[in-house]
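My questions will all concern the structure given below.
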Amino acid sequence: MGEASLFSRSFGAPGPAGTLIFVHATGLNASAYAHLLSQLAFDGQVLAFSMRGHGATDLPADPQALVSWQTFADDLVAELAKIDLAGPTTLMGHSAGAVTALLTAKSLRPTSLLMIEPVVLPALAVRLARGPLKRFTVDRTPIARQAAARRGSFESRQVVERAYASKRFFRDWQPEALAGYLDEGLRPAADQGVELSCAPGYEAACFAAQAAGFWPHLKQVLGMGIRVSTLASERGSTFPALYHGRARRLGADVFVEEGSHMLPMEEPDKVLAWVERQLQP
């Protein structure tokens, strides 16, 4: 058996625009964004990685050991150290992946950082995630509890497709996004049928792993001279309007687009247009 590593998808080819590195949201995987990234007008190579505990990545995934998304950033830095990245680099991520990209930027020092709907929690939630009360507080937030209670195995992919078609979370996804997610997000179960490659317990741990915080890292990255652009949605945003002014004062560009937190899956054309504008010199 080979060394455990992050699974990745590649789009495009080495070119003058360099390398764009993409990180997905909690519970998803690199292939869920293939429909988006493969259409990007980018004269370079795009690398999308599936984080520990997600998709086809085979690194050990212990929910009890996960307290911060810094784990994902450390994994990504280690993986990128194995790769000869061509040209200038751009880091991009969605949701938890946006924060992972932010944490990674401190080590990788890319030319620019693009964050789509980064998850920014109140300072109290971050403090609780770092302390002994974590298992009584952030571990029991509604989103973490819902993830933990999620069904993890099914009779077949067809059963999953029928079940997810009726779920509000997936209802407005583009068909290509859901197909990509399932391609990598399901694997053969030990007995029969299929199971989620991101186990419900691990997904719940991801939602509760808020110890890294956000603002000190953003300030540090901007202080390095890295250009930072953030895209927020108008509905159900994890980067709500009350944070936009603070980000702008620190030096980040903030843009708002009509849509929900799942903009890349529901409104890929809007996201593509925004990304391509940010990639212009």
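The values are calculated or read from the model by the stated rules, or taken from the named source; none is laboratory data. Every value quoted in this text rests on a predicted model; they were computed, and no experiment measured them. Reconstructed Cβ throughout: ideal geometry from the backbone, glycine too, with neighbour counts over all protein chains shown.
Determine if the stretch 11-20 includes at least one residue that is within 24 Å of residue 173 (Cβ to Cβ) and among the β-branched types (Val, Ile, Thr).
For the stretch 11-20, residues within 24 Å of residue 173 (Cβ to Cβ) and among the β-branched types (Val, Ile, Thr): absent.
I'm trying to understand the selection: among the residues of the stretch 108-129, which are at pLDDT 95 or above and more than 18 Å from the chain's Cα centre (by Cα)?
Across the stretch 108-129, the qualifying residues are 109, 111.
Go through (1) exposed (fewer than 15 other Cβ atoms within 10 Å of the Cβ); (2) on the phi < 0 side of the Ramachandran plot one by one and return the number of the condition residue 97 breaks.
With respect to (1) exposed (fewer than 15 other Cβ atoms within 10 Å of the Cβ); (2) on the phi < 0 side of the Ramachandran plot, residue 97 is out only on (1).
Let me ask something else. Would you point out the residue of the stretch 169-212, among those that are assigned to a helix (DSSP H, G or I) and in contact with a Pro (Cβ under 8 Å, 6 or more places away or on another chain), that is farthest from residue 63 (Cα to Cα)?
Filtering the stretch 169-212 for residues that are assigned to a helix (DSSP H, G or I) and in contact with a Pro (Cβ under 8 Å, 6 or more places away or on another chain), the one farthest from residue 63 (Cα to Cα) comes out as 177.
Would you mind listing the helices (runs of 4 or more DSSP H) fully within the stretch 213-281 where at least 1 residues are exposed (fewer than 13 other Cβ atoms within 10 Å of the Cβ)?
In the stretch 213-281, the matching helices (runs of 4 or more DSSP H) lie at 215-223, 244-250, 268-279.
Go through the stretch 153-168 residue by residue and tally those that are surrounded by 13 or more Cβ atoms within 10 Å (Cβ to Cβ) and not in a helix (DSSP H, G or I).
2
Only one of (1) within 21 Å of the chain's Cα centre (by Cα); (2) closer than 25 Å to residue 199 by Cα; (3) assigned to a loop (DSSP other than H, G, I, E, B) fails for residue 132. Which number is that?
(1)
Report yes if some residue within the stretch 247-265 is without any contact (Cβ under 8 Å) to a residue 40 or more places away in the chain, in contact with a Ser or Thr (Cβ under 6 Å, 6 or more places away or on another chain), at positive phi and not aromatic (Phe, Trp, Tyr); otherwise report no.
Within the stretch 247-265, one or more residues are without any contact (Cβ under 8 Å) to a residue 40 or more places away in the chain, in contact with a Ser or Thr (Cβ under 6 Å, 6 or more places away or on another chain), at positive phi and not aromatic (Phe, Trp, Tyr).
Hey, another quick one. Kindly establish whether residue 177 is among the aliphatic types (A, V, I, L, M) and touching a His at 6+ places or on another chain (Cβ under 8 Å).
Yes, satisfied.
Which of the residues belonging to the stretch 44-87 are modelled with pLDDT of 95 or more, closer than 24 Å to residue 12 by Cα, touching a strand residue (DSSP E or B) at 6+ places or on another chain (Cβ under 8 Å) and not small (Gly, Ala, Ser)?
45, 46, 47, 49, 51, 57, 76, 79, 80
Answer yes if at least one residue in the stretch 32-42 is under 11 Å from the mean Cα position of the chain (by Cα) and not aromatic (Phe, Trp, Tyr), and no otherwise.
yes
Further question: Identify the residue in the stretch 135-156 that is under 23 Å from residue 65 (Cβ atoms) and among the hydrophobic types (A, V, I, L, M, F, W, C) and, among all such residues, is farthest from the chain's Cα centre (by Cα).
By that ranking, first place goes to 136.
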